Amino acid sequence: MSEKLTLTAGWEDLSHYIKNSTELADVVSRIVNDTAITDMHTHLYAPPFGLLLQGIDEQLRYHYLISEVMRHSPLSSEEFWAMSNRKQADHIWQVLFLEHSPYSEACRGVLTTLEQLGLDVKARNLERYREWYSSRSQDAMVDLVFHKANVKEVVMTNDPFDEAERSVWLSDTSEAIRQDERFHAALRLDPLLNDWAHSHQNLLKWGYDVKANLTEYDRRTFSEVNRFLREWLERMNALYLSVSLPSTFTYPSEDERSLLITHCVIPTCAEANVPLALMIGVKRQVNPKLGPAGDMVGRSDVEAVEHLCRAFPRNRFLVTMLSRENQHELTVLARMFPNLMVFGAWWFLNTPSLVEEITQMRFELLGTSVIPQHSDARILEQLLYKWSHARQVIASVLSTQYQKILDTGWPLDTQDIERDAADLLSNNFWRFVKKN
């Protein structure tokens, strides 16, 4: 990179001016690391739920590491699942961390987490790490992790069809959840949209007058589903509705999912003025023996998103797709529709090399009007490594983009970078969610 950066005539405030490319990288890195994050999609829970996963054993039993260990392990999947959680963690530690170098992104994530918590990674001592955790309460760990990750708030994934979670929302505990401003709710629609055959039975049991076989003319059923959605949006104070969709998802179509989206989800979102988040591209249980680790990525039809954005211009759509092959088309589509906000590098894309490629492309095509990442964290401590690794990539790509405009003679102030970082890591999400 060129070290010569010339001041544009008339630029008077030199106190925050970026003087050379070396300083640029340092300043961008510092600002990105100092900017507090709104993590707009996680699978975490506020402590009062009693459902929050945390601890070293849970980190080791993350489904990425389960599928990875089965590539090395002499154990069959049946033998692995028959072990206790602690024994599974022992096995993964032994095979992936001691018998092989742990440089995969999932393994490195565990090491980054240990290091950021101040534990001695060089010791390679799993029992010592367990002892450290055993002396700390969950509430204390939440405070510590949020502080060290510099995450100010997260959005949970909240499924009213999950009995364990549903019972909490219907209890007095729900008030304690709403009072913790670090945890926001998102109303998850997966059972409703992807498994109507079973979810309609639950709705009937809960007092909603719905039919099993949907047609275009089932106004009573649509009205009852709308009532269900409105009630749970209010109960959770949810920021948006969300659904994870298979790679085969198309819209419009004649299936139950399309009917429910058209007649229930879209009108409810419009009435409540909340976005719909679509996470598209999953192929479930490609290898059922791996349990939750057996899901796969599939290339999807971006035209489904195009049809939704065009057909419902008053609605807003947060969209991420799982296949690398879909990223360019989705990003270009976002240039066409202001009601589409592309977010994150999801699941199998959340590896630094792919995050860098995707982020670079999005910045080049969309400028600052994107949400570059979310953690998708399922375990509390994953906020540490997922955001540490993401910040490194985001800062690097931002530095590259800033250097390009500096080379034209455009002046760059540190306050410009602070504004952009705040937008990318928090404000873009809130503006899109709260848009009138």
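The values are calculated or read from the model by the stated rules, or taken from the named source; none is laboratory data. Please read all numbers here as calculations on a predicted model, not as lab measurements. For neighbour counting, all protein chains shown are included, and Cβ atoms are generated from backbone atoms with ideal geometry for every residue, glycine included.
Here are some notes:
- 1 or more residues within 18 Å of residue 197 (Cα to Cα): qualifying helices (runs of 4 or more DSSP H) within region 210-274: 219-236, 256-260
- Among the residues of region 33-41, not a single one is more than 21 Å from residue 388 (Cα to Cα) and either of a type in the set (A, V, I, L, M) or modelled with pLDDT under 95 (or both).
- Just one of the numbered conditions (1) surrounded by fewer than 20 Cβ atoms within 10 Å (Cβ to Cβ); (2) touching a Lys or Arg at 6+ places or on another chain (Cβ under 8 Å); (3) under 16 Å from residue 319 (Cα atoms); (4) of a type in the set (A, V, I, L, M) is not true of residue 336: (2).
- Of all positions in region 181-203, none carries a residue that is in a helix (DSSP H, G or I), in contact with a helix residue (DSSP H, G or I) (Cβ under 6 Å, 6 or more places away or on another chain) and closer than 30 Å to residue 421 by Cβ.
- Residue count for region 372-412, restricted to those that are farther than 27 Å from residue 107 by Cβ, outside any helix (DSSP H, G or I) and in contact (Cβ under 8 Å) with a residue 24 or more places away in the chain: 5
- Criterion: closer than 28 Å to residue 274 by Cα, of a type outside the set (Gly, Ala, Ser) and in contact with a His (Cβ under 9 Å, 6 or more places away or on another chain) - qualifying residue of 308, 318: 318
- Pairs linking a residue in region 242-257 that is touching a residue at least 40 places away in the same chain (Cβ under 8 Å) and among the aliphatic types (A, V, I, L, M) to a residue that is in a helix (DSSP H, G or I) and buried (at least 19 other Cβ atoms within 10 Å of the Cβ), with Cβ atoms under 7 Å and 6 or more positions apart or on different chains, are 243/193.
- Residue identified as of a type in the set (Ser, Thr, Tyr) and within 18 Å of residue 378 (Cα to Cα) among 133, 129: 133
- Scanning region 275-304 for residues that are closer than 22 Å to residue 315 by Cα, touching a residue at least 40 places away in the same chain (Cβ under 8 Å), in a loop (DSSP other than H, G, I, E, B) and not hydroxyl-bearing (Ser, Thr, Tyr) yields 275, 301.
- Number of residues in region 138-158 that are in a loop (DSSP other than H, G, I, E, B) and either surrounded by fewer than 20 Cβ atoms within 10 Å (Cβ to Cβ) or not hydrophobic (A, V, I, L, M, F, W, C) (or both) equals 2.
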